[in-house]
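Worksheet: the structure to be examined is printed underneath.
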Amino acid sequence: MSVFGLFVLVTLFIVFRASRNTKTAADYYAAGRSFSGPQNGFAIAGDYLSAASFLGICGAIAINGYDGFLYSIGFLVAWLVALLLVAELLRNTGKFTMGDVLAFRMRQRPVRAAAAIATLAVSFFYLLAQMAGGGSLVNLLLGIEGEVGQNVVIAVVGVVMIVYVLIGGMKGTTWVQIIKAGLLISGALAMTVWVLALHGFNLSELLADAAARPDGKGEALLAPGAQYGESWLTKLDFLSLGIALVLGTAGLPHVLMRFYTVPTAKEARRSVVWAIALIGLFYLFTLVLGYGAGALVGADEINGAPGGVNSAAPLLALALGGPLLLGFIAAVAFATILAVVAGLTITASASFAHDVYVNVLRKGAGDQVNEVKVARITALVIGALAIAGGILAKNQNVAFLVALAFAVAASANLPTILYTLFWRRFNTSGALWSMYGGLSAALLLIVFSPAVSGGEKSMIPGADFALFPLSNPGLVSIPLSFLLGWVGTMLSSERNPKKQAEMEVRSLTGAGAEKAVAH
């Protein structure tokens with residue numbers, strides 16, 4: 001508990017220090033564009049290696065083996081889409097939010113409103129996962145049982161996160177993410193080496209020990225199908241999950257917003273290369289940690305702990321190094337959740353304040369002081385909603401919840417971003433069809449899927465209104481969003497070749513891109 005408390009105090013101190021330079025909207029949203037590529041790479045890794053990456057994936061591998069590792073592969077491969085298609089062009093074209101890029105060559109108000117709605121929806125789904133992970137982690141650390149106690153813990157996590165965002169803005173949040181990424185990767189490395197040392201640095205021996213546990217799934221852990229089964233329907237679900245993971249990252253608003261915290265497009269590209277290296281290394285560790293938890297802790301103990309599957313990594317830390325290592329890993333994982341939640345909250349509040357308040361309601365006339373004030377009020381509201389949602393979703397696997405957020409991001413945002421950057425004919429009508437259509441399809445399919453009702457592990461146990469057979473909607477909603485974008489564009493005669501040409505030059509050369517703010 002002392003390790004845990006110390007960590008929260010240190011990060012709060014950093015946030016207070018960073019807040020002294022947060023005066024303008026560029027400071028609050030983009031940290032004055034003052035971070036270097038490597039620094040931003042660490043911050044992206046800190047933002048991206050969320051509760052799902054650490055708690056959810058380790059638990060999924062411990063219980064389901066090979067099938068759980070798909071999350072690691074999908075989350076990593078997704079970065080290539082972000083690097084090759086999005087990072088540099090987005091940094092050159094936008095200012096603070098995804099809405100800036102879309103509104104560059106289209107009608108401002110309707111497109112910004114749609115971008116803000118999509119950003120808020122994706123951020124809310126992602127927040128659910130982080131809050132659920134935070135609740136299960138602190139419950140495990142404090143040994144809290146019962147519904148009321150767990151709900152109180154989730155509320156406390158939410159309040160601390162709101163403090164980070166209100167005070168520190170993007171600069172404070174970024175420094176917390178950088179420190180957290182370093183600690184998370186070093187902690188995971190230490191545990192990985194420890195687990196391998198116990199098995200003579202022989203991965204085959206570790207896998208054999210995990211498969212030999214009487215309370216696990218045996219040899220099924222080493223082959224596909226332990227989680228999803230062998231039927232054609234479960235294979236489709238597996239495919240749907242894979243598509244959502246690979247295409248979702250480049251549509252995640254809180255990841256896209258990180259590209260604006262660097263001074264140039266070159267640094268944006270460098271930051272993604274650094275992020276890929278750090279994230280790739282971490283996901284290799286999750287393979288060892290997941291099977292290590294399966295071998296040393298066992299499925300029965302993991303499933304029976306507070307937080308269920310999400311407790312595999314902390315329980316492995318307890319088995320290896322006792323309460324001290326558990327305290328360190330829990331503190332790092334808690335900081336992981338706080339940093340990611342803070343990043344999500346600042347993105348959602350920036351999108352509302354910058355896109356809706358300033359550019360839709362005030363028609364571009366709002367001053368920066370009021371804009372930052374509105375962003376802070378929005379952060380309070382989003383924090384309250386995240387606490388309520390986290391309490392509802394506290395028994396779900398966080399990796400699964402994040403996969404839903406990825407599906408929503410890939411359906412609502414990615415087709416519109418790619419069409420905007422690469423298709424000259426694309427227009428406002430196509431953007432609105434793609435964003436609203438993709439978002440509505442994804443949300444509708446999730447509501448009527450086994451993820452929400454009709455299954456043993458559904459969000460609403462006992463209810464059954466599942467009409468869509470797949471747990472993840474990506475296989476249907478992502479192609480539908482691309483199709484709707486094309487149909488909406490072809491049905492409209494609107495064109496703006498001058499703006500489109502200007503955007504093309506700016507996105508490829510960086511001429512006219514936002515500059516860093518000197519302090």
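The values are calculated or read from the model by the stated rules, or taken from the named source; none is laboratory data. Predicted model, so just to flag it, every value in this text is computed and none were measured. Glycine gets a Cβ as well: all are built from the backbone with ideal geometry, and neighbour counts include every protein chain shown. Please note that ligands, DNA and RNA were not included when accessible areas were found on the heavy atoms of the full protein model with its side chains. Shrake-Rupley method; radii C 1.70, N 1.55, O 1.52, S 1.80 Å.
Kindly flag which residue pairs out of LYS171/LYS499; LYS180/LYS266; LYS373/LYS499; LYS363/LYS499 have an alpha-carbon separation exceeding 28 Å in this structure.
LYS171/LYS499; LYS373/LYS499
Pull out the extension gain between GLU205 and VAL447, defined as 0.36 nm times the separation in residues minus the alpha carbon to alpha carbon distance; nm, one decimal.
Contour length minus Cα-Cα distance gives 82.9 nm.
Where the only charges are on Cβ atoms (+1 Lys, Arg; -1 Asp, Glu), what is the dipole of the chain about its Cα centre, to the nearest 20 debye?
Charge dipole of the chain: 2380 debye, to the nearest 20.
Stretched out fully, how many nm does the piece from SER231 to SER2 gain, at 0.36 nm a residue minus the Cα gap?
Gain on extension, SER231 to SER2, equals 77.6 nm.
Solvent-accessible area per residue for the chain at a 1.4 Å probe radius, Å²?
Normalised by residue count, the accessible surface of the chain is 36 Å².
Of ALA211, ILE243, LEU221, whose Cα points farthest to the positive end of the dipole of segment 202-245 (charges on the beta-carbon: +1 Lys, Arg; -1 Asp, Glu; origin at the Cα centre)?
ILE243
Rounded to the nearest percent, how much of the accessible area of segment 152-231 (1.4 Å probe, protein heavy atoms only) is carbon and sulfur?
70 percent
Sort the following peptides by mean Cβ neighbour count (other Cβ atoms within 10 Å, averaged over residues), highest first: 256-264, 467-475.
Taking the mean over residues of other Cβ atoms within 10 Å, the ranking is 256-264, 467-475.
Over segment 367-490, with every protein chain in place, what whole percent of the accessible area is carbon and sulfur at 1.4 Å, could you tell me?
Here it works out to 71 percent.
Tell me, what % of the accessible area of segment 286-342 is carbon and sulfur with a 1.4 angstrom probe?
The nonpolar share, carbon plus sulfur, comes to 65 percent.
Using the C-alpha gyration tensor of the chain, what are the square roots of 5 times its eigenvalues, in whole angstrom, with the largest one first?
Calculated on Cα positions only, the semi-axes equal 36, 26, 21 Å.
Report the local net charge at ALA155: Lys and Arg +1, Asp and Glu -1, summed over other residues whose C-beta lies under 13 Å from its C-beta.
Once positives and negatives cancel, what remains is 0.
Evaluate E = 1/(1 + (r/R0)^6) for LEU284 and ALA212, where r is the Cβ-Cβ distance and R0 equals 25 Å; express this FRET efficiency to the nearest 0.05.
My answer for the efficiency is 0.60.
Please get the size of the charge dipole for segment 387-519, origin at its Cα centre, with Cβ charges of +1 on Lys and Arg and -1 on Asp and Glu, quoted in debye to the nearest 20.
Approximately 400 debye in magnitude.
Can you compute the modelled spin-label distance between LEU467 and LYS498, with each label point 7 Å from Cα toward Cβ, in nm?
In this crude spin-label approximation the distance works out to 4.7 nm.
Scan segment 152-230 for chymotrypsin sites (Phe, Trp or Tyr not before Pro) in coil per DSSP, keeping those whose Cβ has at most 11 other Cβ atoms within 10 Å, and list them by number.
Passing sites in segment 152-230 are PHE201.
Given labels modelled 7 Å from the Cα in the Cβ direction, how far is it in nm from ARG424 to ALA223?
My value for the distance between the label points is 5.4 nm.
Ranked from highest to lowest mean number of other Cβ atoms within 10 Å per residue, what is the order of the peptides 116-126, 492-502?
Result, highest mean first: 116-126, 492-502.
Test of understanding: extend the Cα→C-beta vector of LEU198 to 7 Å, then name every residue of segment 211-255 with backbone N under 16 Å from that spot.
Answer for segment 211-255: 211-216.
Which one of GLY438, GLN500, GLY474 is farthest out on the positive end of the charge dipole of segment 421-519, using unit charges on Cβ (Lys, Arg +1; Asp, Glu -1) and the Cα centre as origin?
GLN500
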